[in-house]
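Okay, structure first, notes after.
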Amino acid sequence: MAAQSVEDAIIALIGSGQARTRADIVKRTGLAASTISAAVSRLVDSGAINETEESVSTGGRRARMLAPADAGGVGALIELGAHHALLALTDPDTGITEPTSAPINIADGPRRVLTALRDAITRLEEAHGRTATRIAVAVPGPVDAPRSRVIRPARMPGWDGVDFAALIRQETGMAASIENDARAGAMGELVYRRREGAGADGANPLIYVKAGSAIGGALLIDGSPVEGADGLAGDISHIPVPAAASRPCKCGNVGCLETIASADAIRADLAASGVSFDSNASLLNAARDGIPEVATAIRSAGILLGESLAHIVSFLNPRAVIIGGALSAVDAHVAGVRQALHQSCLPSIMDSLVIESSRTGRAAALWGLTTSTPTLPKENRP
């Protein structure tokens, strides 16, 4: 495992509460104690994590406890969408506040979006009487997390190559981090299940899909997200599907899953047949109200998603497939995914596979961001 991958795994384990000491990390990763010790030392020196003597002695040498940097402060958690941002505050004592929504236009570019976010954070701070000292952001596009850069996003004009965390640090002076929304959602599902005692440790490996206005995916192995060589692992949105035929996609290709199975695509197809909705929220409300055309269209989208996932499930043999995002709130969608997987995968794979909607609801990515480790501008590091 490369040094950077080891450090990323350590940060994820500490942030999600799976490890509190160097010995915990050795046990979780199976790596040599010397490898873990060297990586932890690098992270402590860089200010990414803190190490203090707080554990109870059992007669031998007192273990040193590890924690994310600034873990004791109030954090602002933000998930960006195309037209809205979901925000909450968090701290170790009270957990996550009820998420609130603020209007943005991600196509305005990073600087204008940041201006809108700063105003939204201020309102949130005033509402809760607390001041954030760190910011963690999830974005709807590929992210090279170690370098905190957005990578050629299909739906985020003006963001390619932008180090958004660095921009936040530059403009606010606060510690900041950035992550892909699906990876954050996957981590959020794990953290939430562990917090609720819902057998999270048995859901390994875990595939998480965010099915909303677009489609994103992530894979967790041993509680850590798989990023891939360039941070692009899990990007199922642009898998070609025969049913999409020659439909153009914003990525520049044709026939991508997103063009036929996302909420935006469902709404466009329904509008072409004379059933129009002014937003994805109204589309979902219609599904919950039992309008047949809508429920059928959403179930069909779930089947298409399941057919695409079947190849991945057969190859990886995960323990769980969790469907998050707006469409997961519609039972027909998850039922469609389940139907397609049962039809396409071997019974031996399906026997122990858990397929269900996210337990965190719309807050999945926010829960996941609690595991991130925002870093300070270099001049502010201790």
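Numbers for the structure displayed
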read-out: Vicinal HN-Hα couplings computed from phi for region 250-255 (Karplus, 6.51 cos²θ - 1.76 cosθ + 1.60; Hz; Gly/Pro x); value: 5, 6, x, 8, 10, x
read-out: Contact order relative to length of region 221-314, as percent, for alpha carbon pairs under 8 angstrom and 6 or more apart; value: 19 percent
read-out: Overall dimensions of region 95-147 as given by Cα atoms, namely Rg and Dmax in Å; value: 12.6, 34
read-out: Answer label, with Cα extents along the principal axes in Å calculated from the coordinates and candidates (1) 69, 50, 35; (2) 88, 50, 41; (3) 76, 46, 39; value: (1)
read-out: For residue 143, distant residues with modelled amide H under 5 Å away; value: 151, 180
read-out: 222 nm mean residue ellipticity, helices alone, for the chain (DSSP H n ≥ 4; -39,500 (n - 2.57); rounded to 500); value: -12000 deg cm²/dmol
read-out: Carbon plus sulfur fraction of accessible area for region 195-361, probe 1.4 Å, in percent; value: 53 percent
read-out: Translational diffusion of region 202-294, µm² s⁻¹ [Kirkwood Rh, Cα pairs; Stokes-Einstein; 37 °C; 0.692 mPa s]; value: 221 µm²/s
read-out: Order by protection proxy (mean Cβ within 10 Å, highest first), peptides 106-114, 31-39, 185-193, 251-259; value: 185-193, 251-259, 106-114, 31-39
read-out: Relative packing of peptides 150-156, 120-126 - highest average C-beta neighbours within 10 Å first; value: 150-156, 120-126
read-out: Helix 331-344 axis, angle to the chain major axis (alpha carbon atoms, nearest 10°); value: 90 degrees
read-out: Highest to lowest packing among 319-328, 134-143, 40-49, scored as the average C-beta count within 10 Å; value: 134-143, 319-328, 40-49
read-out: Spin-label pair residue 102/residue 52, simplified geometry with 7 Å Cα→Cβ offset, distance in nm; value: 2.9 nm
read-out: Length-normalised contact order for the chain - Cα pairs under 8 Å, 6+ apart - percent; value: 17 percent
read-out: Phi to ³J(HN,Hα) by Karplus 6.51 cos²θ - 1.76 cosθ + 1.60 over region 277-283, Hz, x for Gly, Pro; value: 9, 7, 7, 5, 4, 5, 4
read-out: Amide H within-cut-off set for residue 235, under 5 Å, with H built and near neighbours excluded; value: none
read-out: For the chain, accessible area per residue (1.4 Å probe, heavy atoms of protein chains only), Å²; value: 44 Å²
read-out: Folded to 0 to 90 degrees: helix 181-195 orientation relative to the chain principal axis, Cα; value: 70 degrees
read-out: Whole-number D in µm² s⁻¹ for region 195-361, Kirkwood Cα-pair radius fed into Stokes-Einstein, 37 °C, 0.692 mPa s; value: 202 µm²/s
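The values are calculated or read from the model by the stated rules, or taken from the named source; none is laboratory data. Everything numeric in this text was worked out from a predicted model, so none of it was measured. Glycine also receives a Cβ, built like all others from the backbone with ideal geometry; neighbour counts cover every protein chain displayed. Ligands, DNA and RNA are stripped out before the accessible areas are found, and what is left, the full protein with its side chains, is counted by its heavy atoms. Shrake-Rupley method; radii C 1.70, N 1.55, O 1.52, S 1.80 Å.
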